[in-house]
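Participant: The structure is given below, and queries will be raised subsequently.
The values are calculated or read from the model by the stated rules, or taken from the named source; none is laboratory data. Remember, predicted model here, so these are calculated numbers, not experimental data. We place every Cβ from the backbone using ideal geometry, glycine too, and count neighbours over all the protein chains shown.
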Amino acid sequence: MFMRRYLTVFLLFGTLWLSLAQNHQVDSLLNYIVTQKIVDNNRLNQLLYNIKKDSVQIKHLAELSRERHFPEGEIFAYNMLGKLYRINANYPKAIYYHQKAYELAKQIGDLYNQIYSLNMQGVVYRRMDAVKSALEYHNKALNLAMTIPVKDKEIWENIAISHNSIGNIYLLLQRDDMALKHFLEALKIEQKYQNLLGLAINYQNIGSIYERKGDYDKALAYYQKSLRYNEQIHSKVGKIICNTSIGNLFLKKGEIRRAIGIIKPNLELAKHLGDAYYIADIYVNLGKAYLQNGEFNKAEQNLLKALKIALDKKIPSVAQEAYKEFSILKEKQGKFKDALFYHKKFNEKQNEILNEKNRQLVADVIIKQIKLENKQKMAALGEENLIVKKKLNRTQKSFYYTLLFLLFTIILGSIFYKQRQLNNERKLMNLEQNLLRAQMNPHFIFNSLNSLKMFIIQQKPKEAVVYLSTFSKLVRTILQSTIDKEISLKKEIETLKMYVSIENTRFSDKINFEINVSDELDLEALKIPPLLTQPFIENALWHGLSPKEGEKKLTVNIYPKDDRYFVIEIIDNGVGRQRAAEIRAARTFKRESVGIKLSEERLRYFTKNYEADYQIKFEDLYDDKGNPAGTKVIIVIPLQRK
């Protein structure tokens with residue numbers, strides 16, 4: 001006996017100590033918030049998460065904020081209390097605290113909290129089915145938000161709340177077209193900021209419109225999309241709403257057991273949240289399901305619970321639905337007097353929510369809203385007209401100066417453009433002259449005439465005539481190249497053959513020359529700068545193959561790379577670039593290969609009018625033992641003009 005008393009006292013003191021420790025911890029947190037003057041709502045929600053249902057501590061935050069002249073903290077606390085009382089269906093107190101938050105926000109000029117408090121009052125009135133007041137508060141919040149010229153994310157989120165709530169009110173008034181318009185406006189904002197809670201709410205609401213239209217498949221798709229977002233953010237309220245809606249859909253489709261299996265688990269979740277509205281709503285839906293399944297006792301039990309909560313907590317819409325289902329139940333039980341009684345109660349509640357006077361009041365609010373919007377538009381147009389007049393006056397004074405300035409700019413631009421064109425033409429002319437000098441250098445002409453002389457000395461008139469004919473055609477082609485800006489690939493190949501033929505004579509025809517052209521290429525259509533490849537061939541002949549002993553091979557491959565480019569490859573099996581450089585360095589007479597630089601420069605100008613750029617790459621070739629085995633030049637040329 002003594003031990004039991006001792007243990008009881010010990011537990012009592014332990015509980016008291018733990019409670020004091022927790023209170024001390026909460027006091028420290030509230031002091032920290034007020035001292036640091038934390039105004040970020042997301043941060044405040046995180047810090048106060050564990051005490052958000054404790055009205056005593058939230059009131060303490062409000063008092064502490066007021067004592068320390070921290071109005072933002074006081075406003076936040078009032079709105080938290082408003083939401084807490086709304087969840088507990090104490091609607092008068094909820095409105096009282098949201099109104100206090102609004103008035104204080106107005107005093108300090110805090111637009112965000114004014115808008116948020118107005119929206120929260122609208123939500124409370126909507127819960128009470130006071131549609132006129134709900135619509136007025138949400139419209140007031142929306143109009144105030146729209147006056148802000150530069151809106152941040154939080155303001156846009158409040159605009160979305162207003163649109164969403166107004167949509168729900170129109171849904172209650174069976175104005176589906178107007179409801180959908182507001183839901184889509186809210187959805188647009190939520191998608192922009194990827195607000196998952198907002199997306200969940202709006203997909204749920206759009207689903208309810210399609211449910212009312214009888215398009216159950218489309219409604220189910222929207223509900224399921226909403227449920228996925230609610231699961232992502234772990235929203236218990238969202239899950240309750242979605243599952244209840246999905247359960248009701250299956251009821252309408254006649255899948256009663258499936259509907260009960262979806263709705264019933266929500267009850268414990270709603271009880272855990274302590275939200276009277278959702279608890280009553282679930283009882284109604286369970287009653288409806290059991291009624292359709294012929295389980296009259298279970299139906300009556302659930303409907304009685306729903307009706308009791310709805311009447312106690314003043315939730316007219318749920319009470320109306322419960323009366324309706326009771327009327328159907330009593331009719332099925334053959335109790336027609338009771339059925340008539342509940343039907344009358346249903347009509348009374350329906351008239352209370354949607355009587356003609358209420359509809360007219362809502363219509364008045366809508367008309368006022370339209371008038372206000374039109375007035376704002378007219379005011380905006382008036383301001384625009386004044387601005388336009390002022391601008392016109394200023395424009396008349398500055399018109400001639402502007403015209404003179406534009407004319408001067410056009411003339412100056414034209415001069416610069418022509419100057420640029422002349423510079424480009426001069427550069428191209430210099431390139432062409434340099435190209436001609438490179439191709440018609442004295443050594444080439446002297447050596448070619450020397451070869452001709454040898455044929456004459458050796459009394460080979462036929463060979464001399466053929467050689468002279470080829471040489472003259474090549475000279476004519478080189479001279480023509482200074483006139484033509486581009487030639488066909490076919491003509492380039494013909495010129496190349498002539499050039500190699502003349503140079504090969506000086507090599508005693510020891511060079512095995514080969515050109516391979518892909519059948520996929522249209523040689524007439526493809527254009528390149530004239531004599532583009534000649535400097536690379538010359539380089540291969542005189543620096544790569546000339547010093548080489550044994551077989552001398554020169555190959556040109558032309559093929560498409562892809563839809564954008566074609567490739568010209570020049571491959572020799574000469575001594576390689578490193579050895580060629582050593583030989584050139586040892587010579588007394590050094591011949592510079594200026595032709596390659598000229599070809600690169602000409603390609604750069606040529607490809608200015610093409611979609612892609614050119615490429616020139618040099619690759620050193622090696623045999624199996626790693627010895628130099630020649631050089632490969634890869635010229636990549638674009639196909640498509642701009």
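Participant: For the stretch 549-584, how many residues are of a type in the set (A, V, I, L, M) and under 26 Å from Val517 (Cβ atoms)?
Facilitator: Qualifying residue count, the stretch 549-584: 7.
Participant: Is it the case that Pro92 is without any contact (Cβ under 8 Å) to a residue 60 or more places away in the chain, closer than 19 Å to Ala310 by Cβ and surrounded by fewer than 24 Cβ atoms within 10 Å (Cβ to Cβ)?
Facilitator: Answer is yes for this residue.
Participant: Please give the helices (runs of 4 or more DSSP H) falling wholly within the stretch 86-194 in which 1 or more residues are within 30 Å of Asp54 (Cβ to Cβ).
Facilitator: 91-108, 111-127, 131-146, 153-172
Participant: Then there is this: When you check Tyr283 against the structure, is it of a type in the set (Phe, Trp, Tyr), within 21 Å of Lys349 (Cα to Cα), surrounded by 15 or more Cβ atoms within 10 Å (Cβ to Cβ) and touching a Leu at 6+ places or on another chain (Cβ under 9 Å), yes or no?
Facilitator: When the stated conditions are applied, Tyr283 passes them.
Participant: If you don't mind, there's one more thing I want to ask. If you go through the stretch 231-250 one residue at a time, do you hit one that is surrounded by fewer than 14 Cβ atoms within 10 Å (Cβ to Cβ), under 21 Å from Asp275 (Cα atoms) and of a type in the set (Val, Ile, Thr)?
Facilitator: So far as the stretch 231-250 goes, yes, one or more of its residues are surrounded by fewer than 14 Cβ atoms within 10 Å (Cβ to Cβ), under 21 Å from Asp275 (Cα atoms) and of a type in the set (Val, Ile, Thr).
Participant: If you don't mind, another one. If you go through the stretch 563-589, how many residues are modelled with pLDDT of 85 or more and either under 52 Å from the mean Cα position of the chain (by Cα) or surrounded by fewer than 16 Cβ atoms within 10 Å (Cβ to Cβ) (or both)?
Facilitator: 8
Residues are listed down the side, and each one gets a yes or a no for (1) surrounded by 14 or more Cβ atoms within 10 Å (Cβ to Cβ); (2) of a type in the set (Asp, Glu); (3) at pLDDT 85 or above; (4) out of contact with any Ser or Thr (no Cβ under 6 Å at 6 or more places or on another chain):
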| position | (1), (2), (3), (4) |
| --- | --- |
| Ile493 | yes, no, yes, yes |
| Asn504 | yes, no, no, yes |
| Glu520 | no, yes, yes, yes |
| Pro547 | yes, no, no, yes |
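Participant: Restricting to the stretch 34-79, what's the tally of residues that are within 17 Å of Tyr116 (Cβ to Cβ) and assigned to a loop (DSSP other than H, G, I, E, B)?
Facilitator: 5
Participant: Any idea which residue in the stretch 603-640 is farthest from Gln578 (Cα to Cα), counting only those that are modelled with pLDDT of 80 or more and among the polar types (S, T, N, Q)?
Facilitator: Gln615
Participant: Moving on to the next point. Name the single residue, out of those in the stretch 276-329 being over 45 Å from the mean Cα position of the chain (by Cα) and of a type in the set (Val, Ile, Thr), that is nearest to Lys236 (Cα to Cα).
Facilitator: Restricting to residues being over 45 Å from the mean Cα position of the chain (by Cα) and of a type in the set (Val, Ile, Thr), the top hit is Ile309.
Participant: Another question about this same structure. Among the listed residues Glu592, Glu600, identify the single one that is modelled with pLDDT under 85 and assigned to a helix (DSSP H, G or I).
Facilitator: Working: Glu592 fails: assigned to a helix (DSSP H, G or I).
One residue alone meets the criteria, Glu600.
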